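Just below is one structure, and these are the notes that go with it.
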Amino acid sequence: QAIQDALRIALREDPRVVLLGEDVGLNGGVFRVTEGLQAEFGSDRVADTPLAENGIVGGAIGMAIYGMKPIAEIQFIDYIWPAYEQIRNEWSVLRWRSGNTFSCGSVVRTTIGGYIRGALCHSQSGEVLFTHIPGIRVVYPSNAIDACGLLRTSIRCDDPVLYLEHKHLYRQTYNKGAYPGPDYMIPFG
């Protein structure tokens, strides 16, 4: 719910924000994080994509270059590897490559870690490979409140952000039931 709240507020506040990914629209995502958002904001802003992770990330890069604020979802980090080349060779270096004349403010959300007994293709933890790529920020919240505040900060960032959601977070509640409010953000660092 914390992640969904952050996405809903971003969609309401900024018409440039779009969500894209496999099953994020009609089905509300594999963990139902985006449930109801397509009905509320339409399929132009919450768009289902083909099963093509490199296309999802590549599309988000193009949208960001043209001034949109895409939030791309890769269902599981286990499936991000076809997009790794886009992430490493395009997404992460656009600010440097352009001499700081443009950026690629966008977020790639993906689930990580075990917890759901998903075996080989649903339990990987590949975060270390991304922390070694200059030019992207890697965000890995540890609780529901942090998930909300860090996602809001990630969406507003002008640099690429890889936002990792451990599957165990989906079964937490806002800490002690305290809703942080629509303006809650946690600064990076």
Requested in this report: Run a plain Debye calculation on region 1-108 (Cα atoms as equal point scatterers, no solvent) and give log10 I(q)/I(0) at q = 0.13, 0.24 Å⁻¹, rounded to two decimals, same order as the q list.
Outcome: -0.45, -1.32
**Report entry** Dipole of the chain [Lys/Arg +1, Asp/Glu -1 at C-beta], most positive-end residue of Pro187, Tyr66, Leu37
**Finding:** Pro187
Requested in this report: Express the Stokes-Einstein translational diffusion coefficient of region 35-81 in µm² s⁻¹, to the nearest whole number, given a Kirkwood radius over alpha-carbon pairs, 20 °C and a viscosity of 1.002 mPa s.
Outcome: 184 µm²/s
Query raised in the report: Using alpha carbon centroids, what distance separates region 155-171 and region 11-52, in Å?
Result: 16 Å
Report task. Could you list which residues have their amide H under 5 Å from that of His166, counting only those 5 or more apart in sequence or on another chain, with H placed in the peptide plane? Result -> Ile112
Report summary line: Excluding ligands, DNA and RNA, the carbon-plus-sulfur percentage of the accessible area of region 1-60 with a 1.4 Å probe reads 48 percent
Requested in this report: Return the tail of the calculated pair distribution for region 56-114, meaning the percent of Cα-Cα pairs more than 16 Å apart.
Outcome: 42 percent
Query raised in the report: In what sequence, largest accessible area first, do Trp91, Trp81, Trp96 appear using a 1.4 Å probe?
Result: Trp96, Trp81, Trp91
Requested in this report: Counting only heavy atoms of the protein chains, get the accessible area per residue of the chain (1.4 Å probe) and round it to a whole Å² value.
Outcome: 47 Å²
Query - Isotropically averaged projected area of the chain, using the convex hull of Cα atoms (one quarter of hull area), nm² - result: 10.1 nm²
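The values are calculated or read from the model by the stated rules, or taken from the named source; none is laboratory data. Values in this document were obtained by computation on a predicted structure and should not be read as measured data. Backbone-built Cβ (ideal geometry, glycine too); neighbour counts: all protein chains shown. Please note that ligands, DNA and RNA were not included when accessible areas were found on the heavy atoms of the full protein model with its side chains. Shrake-Rupley method; radii C 1.70, N 1.55, O 1.52, S 1.80 Å.
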